[in-house]
């Protein structure tokens, strides 16, 4: 990725099949084994039929990094991705509260924060999604959207928006009770 434009992972929630191969690819890449709970991407299904791949939006102002009292989160100068230094992380979760999408989460083994680091610029989750021809996750130039932070929402907010597009207002109201 040296010399190339920075990228981010664009999501098309309507195309997500819920196969969770992105979680598996991520955990294999980072953990060396299939461990979806330790994946840097998580797929939420809060309404049946609506799958939401959820990972770092790479906000322009990096509120999670600014909030970390231990200095455990930093921005990779080459990729622009947030990286966690687990040797410094105290597991306080202040970064989770600062994140508009509530993306960072505690690793189930080490109890330190995990967040998408773009796999050094070649994300395993995107490769797997494209390979499966779903293309719910795609690499895009970081400048392809005016503000990634405006896209950063919680899984519930994203589920509501996506369900409205897929199911329509009447079915959404019924699903939410």
Legend entry - Helix 21-31 vs. the chain, principal-axis angle (Cα, 0 to 90°, nearest 10): 10
Inset, instruction - Sort region 1-55 into rounded, prolate or oblate with this rule: let a ≥ b ≥ c be the square roots of the eigenvalues of the Cα gyration tensor; rounded if a/c is under 1.5, and if a/c is not under 1.5, prolate when a/b is larger than b/c, oblate otherwise. - result: oblate
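Looking at region 75-142, what % of the alpha carbon pairs are farther apart than 20 Å? Can you show the working numbers first?
On the way: 931 of 2278 pairs.
Considering region 75-142, 41 percent of its Cα-Cα pairs are separated by more than 20 Å.
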Legend entry - FRET efficiency, residue 146 to residue 66 (Cβ-Cβ, R0 30 Å, nearest 0.05): 0.90
Inset, instruction - Report, in deg cm²/dmol and to the nearest 500, the calculated mean residue ellipticity at 222 nm for the chain, where each DSSP H run with n ≥ 4 adds -39500 (n - 2.57) and the sum is divided by the residue count. - result: -7500 deg cm²/dmol
Legend entry - Between helix 155-167 and the chain: long-axis angle, C-alpha atoms, 0 to 90°, nearest 10: 30
Inset, instruction - Evaluate the distance, in nm, between pseudo-label points positioned 7 Å from the Cα of residue 86 and of residue 110 along their respective Cα→Cβ axes. - result: 0.3
Legend entry - Whole-number percent relative contact order across the chain, with pairs defined as alpha carbons under 8 Å at least 6 apart: 30
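Any read-out appearing in this document is the output of simple, stated calculations on the displayed coordinates, not a laboratory observation. Just so you know, these numbers come straight off a predicted model, no measurement behind them. Cβ coordinates were reconstructed from backbone atoms using ideal geometry, including for glycine residues, and neighbour counts include every protein chain displayed.
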